[in-house]
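Novice: Quick one: this structure, given as structure tokens, is what I'll be asking you about.
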Amino acid sequence: MKILLATDGSEYSKVAVEELARMPFQLNTEVRILSIFDNSLASAMGSVPMGGLPSTYNDAILIAKEVSEKNVKDAAKSLKKANSKLSITTTVVPGSPKNAILDESENYGANLIVVGSHGYGAFSRFLLGSVSQAVSLHANCSVLIVRKQDVTEKRQL
């Protein structure tokens, strides 16, 4: 089985890592941990604002990439601690999270995509979009969306 775990290092992603770590796996299960960094500033480099330095943009992109690399390393460490028999690889790519997750899933041949849900309401989803929703609608494989449970949340059935 091939699992793609997408993480952005947020508390919601960490809950997805924890959930995946608790799951029993069949032999030869492979997990690829993916983090995406925003490189949209790169397109703005040709239009440097008055007084701005191009290196500032490069630095911002470099920092975003370094944060993503730390995120995948932390997730890999947590998964390996929970199950040392897992085959774990990591990758960091630039781009839009929705597209990058779908592209990586297809290229990797994932059987399952695991993502955390930020739990936005309808209005926030409309304004910000929902990565987990877009992935679940367009993925060619199963998708596990892990929600962070709020202990103060009261559920009515």
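Novice: Run down LYS2, LYS65, LYS73 and say which single residue is charged (D, E, K, R) and at pLDDT below 95.
Specialist: Of the residues listed, the single one that is charged (D, E, K, R) and at pLDDT below 95 is LYS65.
Novice: Taking VAL67 and the conditions (1) in contact with a Ser or Thr (Cβ under 9 Å, 6 or more places away or on another chain); (2) over 21 Å from VAL131 (Cα atoms); (3) part of a helix (DSSP H, G or I), which numbered condition does it fall short on, given that it satisfies the others?
Specialist: So VAL67 meets the others, but not (2).
Novice: Something else now. Looking at (1) closer than 20 Å to VAL135 by Cβ; (2) under 13 Å from the mean Cα position of the chain (by Cα); (3) open to solvent by 80 Å² or more (accessible area, probe 1.4 Å); (4) at pLDDT 90 or above, can you tell me which one ASP38 breaks?
Specialist: Condition not satisfied by ASP38: (4).
Novice: If LEU20 meets every condition in (1) modelled with pLDDT under 90; (2) closer than 21 Å to VAL92 by Cα apart from one, which number is that one?
Specialist: (1)
Novice: Let me ask something else. Name, by its number, the condition in (1) at pLDDT below 95; (2) farther than 21 Å from GLU18 by Cβ; (3) open to solvent by 50 Å² or more (accessible area, probe 1.4 Å) that does not hold for GLY95.
Specialist: (3)
Novice: Which of (1) in contact with a helix residue (DSSP H, G or I) (Cβ under 6 Å, 6 or more places away or on another chain); (2) at pLDDT below 95; (3) closer than 15 Å to ILE33 by Cβ; (4) open to solvent by less than 50 Å² (accessible area, probe 1.4 Å) does ILE113 not meet, given it meets every other one?
Specialist: It fails just one condition, (2).
Novice: Follow-up. Kindly provide the set of residues from the stretch 58-78 that are open to solvent by 80 Å² or more (accessible area, probe 1.4 Å) and closer than 14 Å to VAL31 by Cβ, ordered by number.
Specialist: LYS73, LYS77, listed by residue number.
The values are calculated or read from the model by the stated rules, or taken from the named source; none is laboratory data. As the structure is a computational prediction, the values presented were derived from the model and not from experiment. We place every Cβ from the backbone using ideal geometry, glycine too, and count neighbours over all the protein chains shown. These area figures cover heavy atoms from the full protein model, side chains too; ligands, DNA and RNA do not enter into them. Shrake-Rupley method; radii C 1.70, N 1.55, O 1.52, S 1.80 Å.
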